[in-house]
């Protein structure tokens, strides 16, 4: 081996060592920041009762808020909430604006490219909601009708037949509804606001989580849930931005402990009147 070859090899080894040291420096960056600052920045929603919403005192409350507060408590840190647009929250590349998102997010194959799924914390069945005066009795009666969904959500993916859930033991989605028109809305309650105007006035039905539809009914909306099978069922996950496996693993450990000790069962029952934790 001549001197030039030896220098090339040594330079390559040095570069590898440098890359390794940089990787070690970045490992656990979010976890280190959260623990050193004693602050957890949570992205969530502000208008999605009972998951997360502003109460009469203009304070964030709801199931997701309780879950986020419990995660912060188990980390021993203070929590703060931010409410970005849904597509921004689920699009990844947060650049440190938030440490975690607790917003009833579905683990889809598309989102897996931008987010890390820490753990499933509960499950949500999706239902067909219609006006109380509707004569529809099953999803078959909704073929050719105007269907309202929140944009950027699995409801929209489902009605457009492109929903791909990225979670183990999830049964394949069955598409049996052929809408006449799909209307999209910026948040979860806007389609219900149109539905409450009357049967077929603006929409004929809304596809939404059972919890959201039940919340609307509880709050006096003149709507009902079609009986029978669900549109689909989905797992919901606590998510982190891509790139910090130590932080994702830590979040996963906390969520799994919350499930094991019954905390998630208690919180889903508190907010939904039903245990959706398993």
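Among the residues of segment 125-143, what is the count of those that are part of a loop (DSSP other than H, G, I, E, B), under 15 Å from residue 228 (Cα atoms) and touching a strand residue (DSSP E or B) at 6+ places or on another chain (Cβ under 7 Å)?
So the answer is 1.
Filter segment 239-259 for residues that are assigned to a strand (DSSP E or B) and either out of contact with any strand residue (DSSP E or B) (no Cβ under 6 Å at 6 or more places or on another chain) or in the same structural domain as residue 137 (by TED's automatic domain parsing) (or both) and give the result. Outline the logic, then answer.
Filtering segment 239-259 down to residues assigned to a strand (DSSP E or B) leaves 239-241.
Selection gives 241 alone.
Let me confirm something: among 245, 227, which residue is in contact (Cβ under 8 Å) with a residue 60 or more places away in the chain and over 20 Å from the mean Cα position of the chain (by Cα)?
227
With the requirement that a residue be modelled with pLDDT of 90 or more and part of a loop (DSSP other than H, G, I, E, B), what does segment 167-183 give you?
Result: 175, 176, 177, 178, 179, 180.
Residue by residue through segment 184-206, note down the ones that are in a loop (DSSP other than H, G, I, E, B) and either surrounded by 23 or more Cβ atoms within 10 Å (Cβ to Cβ) or outside the structural domain of residue 135 (by TED's automatic domain parsing) (or both).
188, 203, 204
Only helices (runs of 4 or more DSSP H) wholly contained in segment 1-120 count here; list those with 2 or more residues that are touching a helix residue (DSSP H, G or I) at 6+ places or on another chain (Cβ under 8 Å), under 22 Å from residue 154 (Cα atoms) and at pLDDT 95 or above.
63-75
The values are calculated or read from the model by the stated rules, or taken from the named source; none is laboratory data. Everything numeric here is computed off the predicted structure, so don't read it as measured data. Cβ sites come from the backbone with ideal geometry, for glycine too, and all protein chains shown count toward neighbours.
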